[in-house]
Amino acid sequence: MDNKRKKISVEGLEGKAINIDFTQAESGQRLDMALAGLIDGMSRSRVKTLILEGNLTQNGKTLKQPSRRVSEGDSFNFIIPITQSAIPQGQNIPLNILFEDEDLIVIDKPAGLVVHPAPGNPDRTLVNALISHCGESLKGIGGEARPGIVHRLDKNTSGAMVVAKTSLAHESLSKQFSDRSVDRAYRAIVFGSPKAATNEIKTLIGRSPNNRKKMAVVNRNGKTAITNYKIERVLGTSVPPFASVLICKLLTGRTHQIRVHLNYIGNSIIGDPLYFGGKKSFLKNKYNNTDFKKKSESLFVLKNFNRQALHAFQLGFKHPRFNKKLHFETKLPNDMENLINSLESF
């Protein structure tokens, strides 16, 4: 690169597009590396992320190829995004509070609520709601980005969660989750019914080699994951069963653990967008057209259930200050109750 070429300062340009023309000095370099070399104070990894997020255009078209090689004369418009505070702010979002004292708060999280800010969900999260409800004192408990959070539920999993309000509670609850002394039980509505009425699923879980958004059971380079389940209820009269309700208890807490494990044994959670994508073809193979017409109302509910049918209904732990065992149990949300009622017709 021509060392005499002056780097571009982005000061005062946030939210605006800057034009960048490449010369012979940059020719042959990766696009993200060449841009990072020309923009003052911006790393290649940051540039790569911004390209993948759609902040680079050429001739009016968005370009998401950070590894592309540049040529002399190439011209691009690069949007410098507005920097947002990494510290979450309070937002007035209703909470279903099961218990609260000076040390902790237990809530029944609805499906659709993200636990903490992350790329794609910068606000309107549980953390924003908690900061608004608890006040500024919650900020910094266990870290600025995820204050009070000692465990989490996926966005579209509902159920009981505990959040620390003090450093004492954060340390104690984090240790309880780490040493597996917290009682956690989930209800899952799944396709089919496992062969064994009760069983323990013990595998390694790691990032899927085929889809980086998914987790998977792996043979190596994963973490031990243990889920115990029992069949609580078989739904309908079909043979073999069309669906069933399982109670799952976690002995470990890996990302998407129950969803991955139930998919692994062949009983995917109904509505799971990541771990069961063949809902329509599954239904068509299961029933002929005459049966479809007879079950049209139930099928409508099933086809339109668009989140994993998973609810954390039990949560138990020791109070950090008083060392007293606390236990909470929540009822199934209406959408899951309605799904169960519909599946009874199969």
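The values are calculated or read from the model by the stated rules, or taken from the named source; none is laboratory data. This is a predicted model, so every value here is computed, not measured. Cβ placement follows ideal geometry from the backbone for every residue including glycine, while neighbour counts extend to all protein chains displayed.
Some observations on this one:
- Matching residues, region 190-214, being in contact (Cβ under 8 Å) with a residue 24 or more places away in the chain, part of a strand (DSSP E or B) and under 19 Å from the mean Cα position of the chain (by Cα): Ile205
- Candidate set: region 225-266, residues that are on the phi > 0 side of the Ramachandran plot and surrounded by 16 or more Cβ atoms within 10 Å (Cβ to Cβ); chosen: the one nearest to the chain's Cα centre (by Cα): His256
Conditions (1) under 18 Å from Thr252 (Cβ atoms); (2) in a loop (DSSP other than H, G, I, E, B), marked per residue:
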| position | (1), (2) |
| --- | --- |
| Ile131 | no, no |
| Ala145 | no, yes |
| Met161 | yes, no |
| Gln176 | yes, no |
| Arg184 | yes, no |
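- Sole residue being farther than 22 Å from Asp179 by Cα, among the aliphatic types (A, V, I, L, M), touching an Asp or Glu at 6+ places or on another chain (Cβ under 7 Å) and modelled with pLDDT of 95 or more, chosen from Leu262, Leu246: Leu246
- Within region 303-326, residues that are free of Cβ contacts under 8 Å to residues at least 40 places away in the same chain sit with their Cβ atoms under 7 Å from residues that are of a type in the set (Val, Ile, Thr) and assigned to a loop (DSSP other than H, G, I, E, B), at 6+ positions apart or across chains, in these pairs: Phe305/Ile270.
- The criterion of at least 1 residues that are over 30 Å from Ala160 (Cα atoms) is met by the following strands (runs of 3 or more DSSP E) wholly inside region 5-108: 17-21, 56-58, 75-79.
- Selection from region 23-35 of residues that are surrounded by fewer than 20 Cβ atoms within 10 Å (Cβ to Cβ), under 16 Å from Leu63 (Cβ atoms) and not charged (D, E, K, R): Gln29, Met33
- The set of residues in region 1-44 being without any contact (Cβ under 8 Å) to a residue 40 or more places away in the chain, assigned by TED's automatic domain parsing to the domain that holds Val70 and of a type in the set (S, T, N, Q) consists of Ser43 alone.
- Test set (1) in contact (Cβ under 8 Å) with a residue 60 or more places away in the chain; (2) touching a Phe, Trp or Tyr at 6+ places or on another chain (Cβ under 9 Å); (3) farther than 28 Å from Lys303 by Cβ - Thr252 fails condition number: (2)
- Tally of residues being farther than 13 Å from Ile149 by Cα and at pLDDT below 95 across region 103-123: 6
- Considering only residues in region 311-336 that are in a strand (DSSP E or B) and surrounded by fewer than 11 Cβ atoms within 10 Å (Cβ to Cβ), the one that is farthest from the chain's Cα centre (by Cα) turns out to be Lys325.
- Among residues of region 255-281, those that are polar (S, T, N, Q) and touching a residue at least 40 places away in the same chain (Cβ under 8 Å), counted: 4
- With respect to the conditions (1) surrounded by 15 or more Cβ atoms within 10 Å (Cβ to Cβ); (2) in contact (Cβ under 8 Å) with a residue 24 or more places away in the chain; (3) assigned by TED's automatic domain parsing to the domain that holds Asp21; (4) not charged (D, E, K, R), Val47 lacks only one, and its number is (2).
- Any hit, region 69-83, residues being without any contact (Cβ under 8 Å) to a residue 60 or more places away in the chain, over 30 Å from Leu138 (Cα atoms) and in contact with a helix residue (DSSP H, G or I) (Cβ under 7 Å, 6 or more places away or on another chain): yes
- Test for Phe177: is it aromatic (Phe, Trp, Tyr) and in contact with a Leu (Cβ under 9 Å, 6 or more places away or on another chain): no
- Residue within region 117-126 that is closer than 30 Å to Leu52 by Cβ, hydroxyl-bearing (Ser, Thr, Tyr) and crowded, with 21+ Cβ neighbours inside 10 Å present: yes
- Within region 162-201, the set of residues being under 19 Å from His256 (Cα atoms), crowded, with 18+ Cβ neighbours inside 10 Å and among the charged types (D, E, K, R) comprises Arg184, Arg187.
- Residues (surrounded by 12 or more Cβ atoms within 10 Å (Cβ to Cβ) and either basic (Lys, Arg) or in contact with a Leu (Cβ under 9 Å, 6 or more places away or on another chain) (or both)) located in region 50-61: Leu50, Ile51, Leu56, Thr57
- Residues of region 91-113 that are out of contact with any strand residue (DSSP E or B) (no Cβ under 8 Å at 6 or more places or on another chain) and surrounded by 18 or more Cβ atoms within 10 Å (Cβ to Cβ): Leu113 alone.
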